[in-house]
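Just so it is clear, none of the values below were taken in a lab; they were calculated from the coordinates. Keep in mind it's a predicted model, so treat the numbers as computed, not measured. Note that each Cβ is placed from the backbone with ideal geometry, even for glycine, and that neighbours are counted across all protein chains shown.
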Amino acid sequence: MKLKFLGGAEVVGKMGLLLQNKGASLLLEYGMTASKPPQYPLAAPPVDMAFLTHSHLDHCGMLPWLCGKYDTEVVATPITIDVVELLVRDSLKIAGIEGYPKPFNQEDIQTLMRNFTPMTYGEIMDVGGFEIELHPAGHLPGATMYELRGDQTTLFTGDLHTCNMRLVWGAHPVKCDNLIIEGTYAGRTHPDRLKTEYALIEKVKEIVESGGRAILPCFAVGRTQEVMLLLKDLKYNMWVDGMGKTISRYYLDRPEYVRNEKALRAAKRRFREVRTPSDRRRARREAQVIVTTGGMLDGGPVLTYIEDVKNDPKSAILLTGFQVEDSNGSRLLSEGVINVQNVKEEIPHPVKIKCQVEMYSLSAHADHNELMDFINACDPEKVVLMHSDDRQPLAQDIEASGMEVILPMADEEFTL
Ligand SMILES: [Zn+2]
Ligand SMILES: [Zn+2]
């Protein structure tokens, strides 16, 4: 079979992998990088069918374009389909606000929603000379690895986490000949998960007991729920704001995709939801803990809450997610400032943040060692590395284990 990345091979973002086998062509993922300006993969040709692993924009963000142009059928799990609709509508809104050209319109989103074919774990589809089976990928509820069984077996992981999180079980290896795997954390290891969780809970307690407020900026999809699950046994005045509220509801509507429905229901009950402007005023007055979007402080309700605590040394901003270079979150960590743009101002101005700022890494991706364990257990002959800014450290370890490594660049054809 012939393959070609349209994007997302040598970078974390804008995924797209074209695959041709026995006269059929398939597309795995079609996403975008939500940077300023946004970045897109190469234009996809018409394909027979598309497959989506999960609902993050770097994997799904350009599917409306694909469906609007070619009316393509797209396979994904039902919970992924629910969340994608919300995210692509939101990304269109953001493109409008930021003034960048919109790559698709509302009608294209409707076409995508009509063209989704829901499939779930363990189900099998015959297409393009393959039997294609879905397996859980950890990472997020509904995140999927695709196993393509033909003359050889190929596993495409999408984004992958192998350890159990509070929200979702970790992925299990699948024996294959070819493994196409993400390498976001190639060369890096996570701090011990349980110790990190414990330290975060203790920090929240310390902040609240000393009379401060803990603000936890979180991505709406996955992280908001993971942090709510972590903090659910604390007896404080806790609020949740942003799109994560809706995502929690979606997850509870399809509890088969979450690890512990009862725990997620309990977490949802423990947090008051900001639904109206008066709720927000109340949260700003009385909250001791706030979990809110945006995860990188570049927009969303979190900026309002930071305004209230920015000069209070008793309060804290507790980050838990990866902070992309040039985001407000990364500026806060390196320089202690965030850029704020008032409605009337053209140019954002830096604001000094004097409250406490700490980072607790709760990644939803496997780290270097976890990736190596997973790769060894899948026992492939060939490994293709993708979704990584620096594939070398992982490539070296894989080669040392006797497997062939392929490091394709975007627009470069290769065969398996
Ligand atoms: Zn992801
Ligand atoms: Zn990703």
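With bins 5 Å wide beginning at 0, the percent of Cα pairs of the stretch 193-359 falling in each bin runs 1, 9, 18, 22, 22, 15, 8, 4, 1, 0. The lysines whose alpha-carbon is closer than 19 Å to the alpha-carbon of Lys102, local same-chain residues fewer than 8 away aside, are Lys14, Lys36, Lys69, Lys93. Per-residue 3J(HN,Hα) values for the stretch 47-57, derived from phi via the Karplus relation 6.51 cos²θ - 1.76 cosθ + 1.60 with θ = phi - 60°, read 10, 6, 7, 10, 10, 10, 7, 6, 8, 6, 4 Hz in sequence order (x marks Gly and Pro).
Close amide H contacts of Phe5 (hydrogens built in the peptide plane, cut-off under 5 Å, sequence separation of 5 or more or a different chain): Leu18, Asp411, Glu412. Here the chain is treated with +1 on each Lys and Arg Cβ and -1 on each Asp and Glu Cβ, and its dipole about the Cα centre works out to around 2320 debye.
Were the residues from Gln152 through Ala263 laid out at 0.36 nm apart, the gain over their Cα-Cα distance would be 35.9 nm. Each helix, a run of at least 4 DSSP H residues, gives -39500 (n - 2.57); summed and divided by the residues of the chain, these come to -9500 deg cm²/dmol at 222 nm.
Relative intensity of the chain on a log10 scale, I(q)/I(0) at q = 0.08, 0.10 Å⁻¹, equals -0.43, -0.68, per a Debye sum over C-alpha point scatterers of equal strength in the absence of solvent.
Using alpha carbons only, the radius of gyration of the stretch 1-94 set against its Kirkwood radius gives Rg/Rh = 0.95. On the basis of the beta-carbon distance and an R0 of 41 Å, Ala400 and Glu286 show a calculated FRET efficiency of 0.15.
The label point for Thr117 and the one for Asp312, both projected 7 Å from the Cα toward the Cβ, are 5.4 nm apart. One Cα centroid belongs to the stretch 349-372, the other to the stretch 103-129; the line between them spans 33 Å.
Structural descriptor for the stretch 242-382: relative contact order 19 percent, calculated from alpha carbon pairs under 8 angstrom and at least 6 residues apart.
Would you mind getting the Kirkwood hydrodynamic radius of the stretch 220-267 from its Cα pairs, rounded to one decimal in Å? Mind showing how you got there, number by number?
On the way: mean 1/r = 0.0916 Å⁻¹.
Value: 10.9 Å, from the Cα pair sum.
Tell me which DSSP H helices of the chain clear both cut-offs, 27 Å or more of axial length from alpha-carbon atoms and a mean Kyte-Doolittle hydropathy of at least -0.5. In the chain, the long hydrophobic H runs are 78-98. Residue order for Ser35, Ser363, Ser388, fewest other beta carbons within 10 angstrom first, comes to Ser35, Ser363, Ser388.
Here r is the Cβ-Cβ distance between Lys195 and Ala377 and R0 is 22 Å; the resulting FRET efficiency, rounded to 0.05, is 0.30.
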